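The values are calculated or read from the model by the stated rules, or taken from the named source; none is laboratory data. Worth saying up front: this structure is predicted, and the values here are computed from it rather than measured. Note: ideal-geometry Cβ built from the backbone for every residue, glycine included; neighbour counts use all protein chains shown.
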Amino acid sequence: MLRIVSTAAGGRPVIYDVIFENGHFLLRRDDRRCGGTIQDRRYSFLVTDGEAVYLSDRAALAEEPFDGRRISTERWALLHRDWFADWEAVASVVEELTAKRLADSVTLARFWSEDGTYWVDLSREGLDYTVSTKGYGMSRTITDWGEDGEIIAVRWESPTQLRLFGGPKGAGEGEQMGWYAVFDVEQEQVVVQGSAMLSIEQTQNGGQ
């Protein structure tokens with residue numbers, strides 16, 4: 001576990017715990033001393049842009065492995081260049097991990113359910129997704145969006161239901177009509193489908 005303590009307004013501490021468990025990173029933010037709550041967020045990957053190391057939903061920061069694939073993700077700055085005398089050694093280890101990961105796996109992004117029981121993987125195939133739990137996985141393809149569609153974003157709405165948002169491949173910036181599908185893990189099927197407005201500029205480069 002790594003603990004980072006920052007100072008909020010008024011000098012009160014905000015505590016961030018990063019816990020590696022079951023093959024992923026649990027980020028726990030505790031700002032109860034500032035009148036807040038404890039919030040959890042799970043990430044799968046360590047990535048770097050040369051200036052910082054991030055926890056990320058995305059398997060790499062570079063666009064080349066994505067080959068034009070748009071996936072909306074989040075990342076969180078974990079380590080900064082200024083904290084290390086030998087930063088290049090730190091960054092090079094993360095870069096090596098990223099290169100090995102991309103060579104060994106087709107997964108471009110992974111999203112965890114809040115309790116860490118399930119995760120969903122997205123790959124280079126725009127309409128494919130795999131929902132997994134320990135020892136078991138379900139690979140699916142959305143067929144109703146047509147060959148020109150792709151999954152752009154994933155949001156877990158409950159411990160056992162996830163919402164997939166999609167849009168046309170190669171769409172430019174701006175809002176446009178897209179699609180969504182709700183997949184129920186226990187039923188192992190899509191239970192709801194519909195249309196939705198997508199803000200393409202928010203999903204183009206994969207979050208902050």
Among strands (runs of 3 or more DSSP E) entirely inside region 1-56, those with 1 or more residues being touching an Asp or Glu at 6+ places or on another chain (Cβ under 9 Å) and polar (S, T, N, Q) are 38-43, 45-48, 52-56
Checking Glu88, Glu186, Glu95 in turn, the sole residue that is in the same structural domain as Glu21 (by TED's automatic domain parsing), of a type outside the set (Lys, Arg) and farther than 22 Å from Gly23 by Cα turns out to be Glu88
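In this structure, is Asp49 under 17 Å from the mean Cα position of the chain (by Cα), among the charged types (D, E, K, R) and more than 24 Å from Phe165 (Cβ to Cβ)? Please lay out each step first, then the result.
Numbers: under 17 Å from the mean Cα position of the chain (by Cα): yes; among the charged types (D, E, K, R): yes; more than 24 Å from Phe165 (Cβ to Cβ): yes.
In short, yes.
For region 1-57, what are the residues that are of a type in the set (Lys, Arg) and either within 24 Å of Glu88 (Cα to Cα) or outside the structural domain of Leu79 (by TED's automatic domain parsing) (or both)?
Across region 1-57, the qualifying residue is only Arg3.
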- Might you let me know whether region 84-99 holds any residue that is part of a strand (DSSP E or B) and under 20 Å from the mean Cα position of the chain (by Cα)? no
Examine region 131-150 for a residue that is outside any strand (DSSP E or B), more than 13 Å from Ser72 (Cβ to Cβ), at pLDDT 95 or above and not assigned by TED's automatic domain parsing to the domain that holds Leu46, and state whether such a residue exists.
no
Counting only residues in region 115-136 that are surrounded by fewer than 13 Cβ atoms within 10 Å (Cβ to Cβ) and not hydroxyl-bearing (Ser, Thr, Tyr), the one farthest from Ser44 (Cα to Cα) is identified as Gly135
